[in-house]
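Report on the structure given below.
No value in this document is a laboratory result; all are computed from the given coordinates. Owing to the predicted nature of the structure, the values given are computational and were not obtained by experimental measurement. No Cβ is skipped: glycine too gets one built from the backbone with ideal geometry, and neighbour counts run over all protein chains shown.
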């Protein structure tokens, strides 16, 4: 799930990426254009409500592609993304619009 919150007094958007804890085992990161596809930049942390999440501050009015990456190297899509597009590797990237 993706949650967007406008930043007061700015043109940014706080984007929270949330996954149910049981969806994936082990460490999971959100990677994409906003962090140069670096899995160490935005790891999803376990929360007491049974989810994992991380928050990224992004520029509003833009379009970003991203995916989830598990520690075992498996890639996962975001079902609530604004869309999807081919990534040139035989699969798809999720699309986020801010």
For this session: Using Cα centres only, tell me the gap between segment 77-98 and segment 27-66 in whole Å.
Result: 14
Exercise. Each label point is 7 Å from the Cα along the Cα-to-Cβ direction; what then is the distance between the points at residue 7 and residue 60, in nm?
Worked result: 1.1
Exercise. Bin by bin, in steps of 5 Å, what percent of the Cα pairs in the chain do you find, going until the bin that has the longest distance?
Worked result: 3, 13, 24, 27, 19, 10, 3, 1, 0
Exercise. Length gain on complete extension for the stretch residue 91 to residue 71, per 0.36 nm per residue less the alpha carbon to alpha carbon distance?
Worked result: 5.3 nm
Seminar exercise, completed: Listed residues 12, 73, 88; largest mean-square fluctuation, Gaussian network over the chain with Cα springs below 10 Å, found at 88
Seminar exercise, completed: Comparing 39, 20, 86 in a Gaussian network model of the chain (Cα, 10 Å), the one with the largest mean-square fluctuation is 86
Exercise. Among 85, 27, 59, which one shows the biggest mean-square fluctuation in a GNM of the chain, springs joining Cα atoms closer than 10 Å?
Worked result: 85
